[in-house]
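The values are calculated or read from the model by the stated rules, or taken from the named source; none is laboratory data. Quick caveat: nothing in here was measured; it's all calculated off a predicted structure. Cβ coordinates were reconstructed from backbone atoms using ideal geometry, including for glycine residues, and neighbour counts include every protein chain displayed.
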Amino acid sequence: MQKIALTIHGGAGTILKSAMTAELEESYRKGLHSALEAGWNILKTGGNALDAVEASVISLEDNPLFNAGKGSVFTHDGKNEMDALIMDGKTHNSGAVASVKNIKNPIKLARLVMEKTEHILLAGDGANEFAGQMKFELEPDEYFFTDFRYQQFLKARAENVVQLDHADEIQNSEFRIQNSKTNPESKIQNPKSKIGTVGAAACDFLGNLAAATSTGGMTNKKFGRIGDTPIIGAGTYADNQTCAVSCTGHGEFFMQTIAAYDVACRMKYKKLSLMESTNEVVENLREIGGEGGLIAVDAKGNVALPFNSEGMYRAFITSDGEPVVEIYQNFPFRKQFGTELI
């Protein structure tokens, strides 16, 4: 019988254990479990992978703990701008939105782009105009406001840094993206922190795969910056012949390496397993200075969740067993790959 599987993530990096309270950790775990349950209820009753990943991501977008939807971070102008992408591994049909505002669930709008237009990616005012035509559910600015995110924003803007989620909660050094044209007067803080993106990847009873990713981006981001999340092959990819992948980390590195597609390529052309491919991709990111991780599922229902950061908010379930929800590394840092794989 075809094995079904679902993996989700709520961002790589995480708050250090020393700064994590028991109550907050429990809140994160409950949020991850609820999102996993939302998708799994679809898969276990014979539903398809596309519906499952959408349901899981919607649950994470509705949870203010995560940097997507309701919990999105603030741009330099004090706005919430969100990106999302969903992809069907059977047909390669995809839909994405970037820099959208007041969209309660960007992943739902991304699916409408896939199903109701001849396009793949809509951005900014045009994407919001499309949402209006579709009579899409909108929310006022107040819906997206959380005091924690706003305080992050005020601090980042005062220090003139572009900041990854929770970067102010730990000791940081500053770094710059290799070979990039960064603004010399603006700094990006070290992402040894919770890198805020949410995502899901699934395999259904027919062996069809799907992936979905959603994010609020980076605190104090400027100039309409868009990361890897809504870019096919960079932060999200799904192909029935290989795998479904959702990434989380500093987007520029994932864009430079086309990380999600790279997993599929290593499986297709090098004939590697899902475990081998995902480990190689995360190690490649580490070698160029990128920090983060990814979740992946193949058509046999195998799952992989490697990362090279302090931790990654993640969960998975397959027809072989019970749900697993994790935040930190489960064993000492592995020198060979610097990743954890379940």
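Quick rundown of the values:
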| quantity | calculated |
| --- | --- |
| Hits in the stretch 201-219 (condition: at pLDDT 95 or above and either touching a Leu at 6+ places or on another chain (Cβ under 7 Å) or not in a loop (DSSP other than H, G, I, E, B) (or both)) | 201, 202, 203, 204, 209, 210, 211, 212, 213, 214 |
| Residue in the stretch 285-308 that is out of contact with any strand residue (DSSP E or B) (no Cβ under 8 Å at 6 or more places or on another chain), in contact (Cβ under 8 Å) with a residue 40 or more places away in the chain and either among the basic types (Lys, Arg) or not in a loop (DSSP other than H, G, I, E, B) (or both) present | yes |
| Extreme residue, farthest from residue 293 (Cα to Cα), among residues of the stretch 2-19 that are touching a residue at least 40 places away in the same chain (Cβ under 8 Å) and over 19 Å from the mean Cα position of the chain (by Cα) | 2 |
| Index of the failed condition, residue 82 passing every other in (1) at pLDDT 95 or above; (2) touching a helix residue (DSSP H, G or I) at 6+ places or on another chain (Cβ under 7 Å) | (1) |
| Residue under evaluation residue 117, criteria (1) β-branched (Val, Ile, Thr); (2) crowded, with 24+ Cβ neighbours inside 10 Å; (3) modelled with pLDDT of 95 or more, criterion not met | (2) |
| Helices (runs of 4 or more DSSP H) within the stretch 47-134 that include 1 or more residues polar (S, T, N, Q) | 49-61, 124-133 |
| Sole residue being touching a residue at least 12 places away in the same chain (Cβ under 8 Å), surrounded by fewer than 20 Cβ atoms within 10 Å (Cβ to Cβ) and within 16 Å of residue 245 (Cα to Cα), chosen from 48, 93 | 93 |
| Residue 265 assigned to a helix (DSSP H, G or I) and at pLDDT 95 or above | yes |
| Selected residue (criterion: modelled with the lowest pLDDT) from residues of the stretch 220-238 that are touching a Ser or Thr at 6+ places or on another chain (Cβ under 7 Å) and among the hydroxyl-bearing types (Ser, Thr, Tyr) | 229 |
| Criterion (farther than 20 Å from residue 196 by Cβ and touching a residue at least 60 places away in the same chain (Cβ under 8 Å)) met by exactly one of 25, 37 | 37 |
| All positions within the stretch 201-260 that are in contact with a Cys (Cβ under 9 Å, 6 or more places away or on another chain) and aromatic (Phe, Trp, Tyr) | 237, 254 |
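Residues are listed down the side, and each one gets a yes or a no for (1) among the hydrophobic types (A, V, I, L, M, F, W, C); (2) more than 12 Å from the chain's Cα centre (by Cα); (3) within 20 Å of residue 61 (Cα to Cα):
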position	(1), (2), (3)
216	no, no, yes
228	no, no, yes
236	no, no, yes
240	no, yes, no
249	no, no, yes
255	yes, yes, no
259	yes, yes, no
262	no, yes, no
266	no, yes, no
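Residue by residue, here is whether (1) at negative phi; (2) in contact with a Gly (Cβ under 6 Å, 6 or more places away or on another chain); (3) buried (at least 24 other Cβ atoms within 10 Å of the Cβ) holds:
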site	(1), (2), (3)
280	yes, no, no
284	yes, no, no
287	yes, no, no
296	yes, no, yes
301	no, no, no
313	yes, yes, yes
318	yes, yes, no
324	yes, no, no
327	yes, yes, no
